[in-house]
Amino acid sequence: MISPLLHDDPYTVGPFRILARLGGGGMGTVYLARSAGGRTVAVKTLHTRLAADATLRTRFRLEADAARVVGSEHGALVVDADPQAPTPWMATEYVLGPPLDTAVEVGGPLPEPAVRALGASLAAGLEQLHRSEVVHRDLKPSNVLVTAQGPRIIDFGIARAFGDEHLTNVGNAVGTPAFMSPEQAAGLEHAAAGDVFALAGVLVFAATGRGPFGGGAPTDLLYRVRFGDPDLGGVPESLLPLLARCLAKDPAQRPSTTELRTALGGAPYAPGDRGGFADLLPDGVLREISRRSDDVWHEPPHRLPPPAPVEAPRAETALAAGVSRRRLLAVAGGALLGGGLLGGGGWALFGGSDDTGGGTAKKDAVDRPKPPTPLWSTPLWCPESGGEVMRVGRNLAMRAGIVLCGINAESGQSTWQANIEEIWRSATDGNRMYALRGYQEAASLAVCEVAQTSGELGKPLVELSAFAGKEQYNQLLCVLDGTAYLVARAATGKGWYLVAADLRTGKEHWRSPVDDPPAENVPPALFGGVVGSRVVLCGSPEKDSKFIHLSVHDKADGHQLWQLAETFAGTPPTRMVADDRNLYLGAETLTARRLSDGGLEWMFGNGRDVGDSAGEERRYGTPTVQDGVVYCTEADRGLVSVDALSGTLNWQEQGLSGRKSKREVAPAVGKKYAYCADDTGVRAVDLRTRKAVWTYQSEPVVLTGDPDGGRLYLRLEKRTIALPLA
Amino acid sequence: MDRLRQDDPARIGDFVTLARLDADGSRGVPERRYLARSADGGHTVVACLPPPGGDPARWAAEAQQAARLTQPGFWPVAQLGGTAGFPWHAAPYRPALPLPAVLAAHGGPLPEPLVRTLGGTLAEALASAHVLGIVHGGVCPAGVLLTARGPLLACFGATRANPMTETSSAHPTGPDTGCLAPELAAGGPVDRAADVYALGAVLAYAATGHTVPERQEIPAGLRDIVTACRSRDPQGRPEPAKVLAELLPGAAYGGLAGATEPLSLPGRVVEALSRQSAEVLAAALPTHER
């Protein structure tokens, strides 16, 4: 899938401008790229260090030739190639469809007519290849792309299939040998009949979701491929004899591709019927095709910045680059805007100056930017705590005084109001608003949806009689994927629990005991939420204590993975700041705690001279993490940008003096500026020059960035303002 | 998507035209729509021109209005250009099929669950616009562009730009006449109720293949709501929020028009959408053809 470029990826390859990464491996990288004429292609490159090897270079050329032979009906059309370039490359059309393994994962095993049509088309493709005396040698589900018009064969194994060294390294060089032919597994020649064997394996996979020889360790697999009987359980009966023949150990017993194509019976639709194949596909696969057809037109993601100057392990950088939008979205505490969400994905209006390349420096020199004009400004009062702006569908929700308000994001007008005084009793999943049923109302605890027209609570989505409905300090932490996570007091006895409840089925998933609230009149948790496969809970501190209690639970069954007490400085943190690996906290130092085991991943600022901080013990403000970078104010000296992986300084703000930073207000980050709160207002720090360029005079209480909507929401004590987020 | 014809412009502003968005011979399309690309190849857009015979000034005024809106569920107008006599507007390309092309790809009227999803999403878009006092005024089958993530309303203000006259109900340059509320013929305003009437016509079109079906042609489950929307009395038409509630009971208001996940669409519709995407991906500017 489309992911951002790394800082050292090329800007051009041959005549193509590189836009994004599509994939990478040991041999090279595949990029999304565009020609001067605007044609969009996939460009596959061979690593320069491997290109020195003349044989590999030849094989790369052979692969391009093979791709040309198979052509655009059954493969990816080769647009251009230069196997002689210092970095050899090949440009093909960008094929709009998921690989077969992804297709089966999202849509389940294919129905028989689809398997037959898929098989017939793949057999025809191989037939064409074999006629030109080319053998694929690496046919497997991940090398078959399922488009709406039919399957396409990609990634010929020529460059990999020669030589003995790869067989001894089979586990890492080729990936799974599950679809190898027995002769290939034995190190013998894999001819056309070997492709037939592999094709049958692919069809078994398409029909059942498993290969005919299962999975497991490569050596076991190789043994089973050579000597074991294929497992054809779940294969439609009418296909059994044919596929069993294709999977014969003796190549001579297998049918030819022509025979196979005929026996599969071709497609149950007319040859010219373009939509016939798509009609056979499950909905999940169709949606995946739609997604890819649409996503390729989104503005490509921004190139990632170079890692910190300190040596960062290369593999980790690549992992960070591969973090998908979906994984980041799984940070459910991030129903609050501007959590760890990647920007991008939306439409960038090309009239704007946020181009993806350089070329804006000149503009900066000419006119110094001024604070923008508010898009709207309404007299919505901000509460002392819990004033964050939340996105609900395409509208906003925020607390105004003692009510929860729905706000039209375009106009700032209030559209509904809900009378939920206790801020800890409501949460959003980003699309809907939920709240606990009023504590005066019933004996059992219930989660209801807040109607986004009237602000009224609907019928309970889940009712939990095991928990006390009349407990005012029951807490709704977050809602994600139809599951509500709450902290509630048991109906009998005094124990408190972290509870996960399914809003669709109305059933409790699990519960796990947690600490009681530390005092009479406070909710049990400061914050909590889901990050990836874990639930993070931060208990409220005891009076006058400087410790907060962090615990992390398994999202699947609630069992506690670890817990610890963490110190804080100044006011206790009120929101979860996390990405998929760490939890970040700004206090005396800026720290990253691993979500996996609670260990300290890194600590920033220990012993660092941060200048005079006017007697404040809290040196680091509430951080914000975005795209692998932690932004945080450092004493009164301004913003620092710290690499989230390594905890090393990327840069620090230059030339700030005479301001007192508001440490409890987390910065917001746009594409050009980071926004910080200080005693004079909100200042925009240019991410390139690292200097403040303007200050919006005000007394900010909360800053929330919405990268998707392109807005910066600024909450003052008695007013809420929307500014464009640049 | 269709090939350019002799009388089509080679350029629209800085954009080089590549193809027509609407199939040849499409009727009831209130503007001329092209797929076009910037000369550097970097930006592909859907560029729109006023319809032949229409009033360019009125059309441009509506486009200017639309450019100020960022209504979810509305096809955006991101860039305006041209002259008083030859105005145009453009927005970044994304794969999109006009509703008539959706029916053509599917091979006929759409299944009821899909009609409900499309109708509900459009109703939500109108509801949120109406709250702000915005009347779309151009709802018609060709004005609905179906993307992978749901339908968007294009052709903002087409009815206002091509007002009906009392003498002629024929409306060669505007939306499909079946989408025009009866009060418009008598000089009535293009108001919220007129949007709802047009929404009813679009629902009818999606479910039957034409905008003015007989009652019994409409699938039973949609009959009442379509008939209510198409009521001759503007007062008798439901609010869009009501239409949404009828079509998709229990759907959360605010979650449809900005959907981030792809919609479930019939195979042939997905095929047409992905084919259009692939063709535009593969297209090169004429001067750069290899």
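Readers should treat all values here as calculations from the given coordinates under stated rules, not as data from a laboratory. All values reported here derive from a predicted model rather than from experimental measurement. When we count neighbours, we look across all protein chains shown, and the Cβ atoms used for this are built from the backbone with ideal geometry, even at glycine.
Under the simplified labelling scheme, the A:Ala270-A:Asn606 pair shows an inter-label distance of 7.5 nm, with each label point 7 Å from Cα along Cα→Cβ. Counting charges near B:Ser26 (Lys, Arg +1; Asp, Glu -1) among other residues having Cβ under 10 Å from its Cβ returns a value of 0. Peptide A:388-394 shows a mean partner chain C-beta count of 4 within 10 Å per residue C-beta. For a 4.7 Å threshold on C-beta separation, the list of partnerless cysteines in the protein assembly as shown reads A:Cys246, A:Cys382, A:Cys405, A:Cys448, A:Cys478, A:Cys538, A:Cys632, A:Cys676, B:Cys48, B:Cys155, B:Cys229. The calculated FRET efficiency for A:Thr689 paired with B:Ala61, based on their beta-carbon distance and R0 = 41 Å, is about 0.50.
Using per-residue counts of other Cβ atoms within 10 Å, averaged over each peptide, order A:402-408, A:385-391 from highest down. Please report the intermediate quantities before stating the final value.
Values: A:402-408: 20.0, A:385-391: 21.9.
Ranked from most to least packed, the peptides come out as A:385-391, A:402-408.
Here the calculated FRET efficiency for A:Trp651 and A:Glu588, from their Cβ-Cβ distance with R0 = 22 Å, stands at 0.50, rounded to the nearest 0.05. The label point for A:Ser545 and the one for A:Ser533, both projected 7 Å from the Cα toward the Cβ, are 3.0 nm apart.
From Cα pairs below 8 angstrom and at least 6 apart in sequence, can you work out the relative contact order of region A:100-282, rounded to a whole percent? Write out the running numbers ahead of the final one.
On the way: 285 pairs, mean separation 56.7, N = 183.
Once normalised by length, the contact order is 31 percent.
A helix-only calculation puts the protein assembly as shown at -7000 deg cm²/dmol for mean residue ellipticity at 222 nm, using -39500 (n - 2.57) for each DSSP H run of at least four residues, averaged over all residues.
If you take each beta carbon of peptide B:244-256 and count the beta carbons of other chains within 10 angstrom, what is the mean? List each step's numbers first, then the result.
Values: counts 0, 1, 0, 0, 0, 0, 2, 0, 8, 9, 13, 7, 3.
What the average comes to for B:244-256 is 3.
Extension gain for the segment B:Asp14 to B:Gln216, taken as residue separation times 0.36 nm less the Cα-Cα distance, is 67.7 nm to one decimal.
Quick one: net charge around A:Ala592, please, counting Lys, Arg +1 and Asp, Glu -1 for every other residue with C-beta under 11 Å from its C-beta.
Numbers: positive: A:Arg581, A:Arg593, A:Arg594; negative: A:Asp579, A:Glu601, A:Asp643.
Net charge around A:Ala592: 0.
Per-residue packing, averaged as other Cβ atoms within 10 Å, sorts the ranges A:188-201, A:413-426 into the order A:188-201, A:413-426, beginning with the highest. Across peptide A:37-50, the average count of Cβ atoms from other chains found within 10 Å of a residue's Cβ is 4. Measure out, as a whole number of angstrom, how far apart the alpha-carbon centroids of region A:650-667 and region A:514-573 sit. About 28 Å separates the Cα centre of region A:650-667 from the one of region A:514-573. Approximating the spin labels as points 7 Å out from Cα along Cα→Cβ, the A:Ala186-to-B:Asp224 distance works out to 7.2 nm. Residue exposure proxy: B:Arg232, A:Arg39, ordered by other Cβ atoms within 10 angstrom of their Cβ from fewest to most, comes out as B:Arg232, A:Arg39.
Taking each of A:Lys470/A:Lys507; A:Lys470/A:Lys718; A:Lys494/A:Lys546; A:Lys543/A:Lys662; A:Lys543/A:Lys671; A:Lys459/A:Lys555 in turn, the alpha-carbon distance tops 29 angstrom for A:Lys470/A:Lys718; A:Lys543/A:Lys671.
I need the calculated FRET efficiency for the pair B:Thr70 and A:Gln417, taking r as the beta carbon distance and R₀ as 22 Å, to the nearest 0.05.
On the way: r = 24 Å, r/R0 = 1.10.
With R0 = 22 Å, the Cβ-Cβ based efficiency is 0.35.
For A:Arg245 and A:Ala519, calculate 0.36 nm times their separation in residues minus their Cα-Cα distance, and state this gained length in nm to one decimal. Write out the running numbers ahead of the final one.
On the way: separation 274, 0.36 × 274 = 98.64 nm, distance 7.32 nm.
Result: 91.3 nm gained on full extension.
Counting only other residues whose beta carbon sits under 13 Å from that of B:Asp191, what net charge do I get with K and R as +1, D and E as -1? Provide the component values of the computation, followed by the final result.
Values: positive: B:Arg160, B:Arg192, B:Arg237; negative: B:Glu183, B:Asp195, B:Glu239.
Here the count lands on 0.
The spacing between region B:144-164 and region A:1-74, judged by their C-alpha centroids, is 40 Å.
What is the packing order of peptides A:445-454, B:186-195, A:663-672, taking the mean over residues of other C-beta atoms within 10 Å and listing the highest first?
On the way: A:445-454: 20.2, B:186-195: 18.5, A:663-672: 23.6.
In descending order of packing, they fall as A:663-672, A:445-454, B:186-195.
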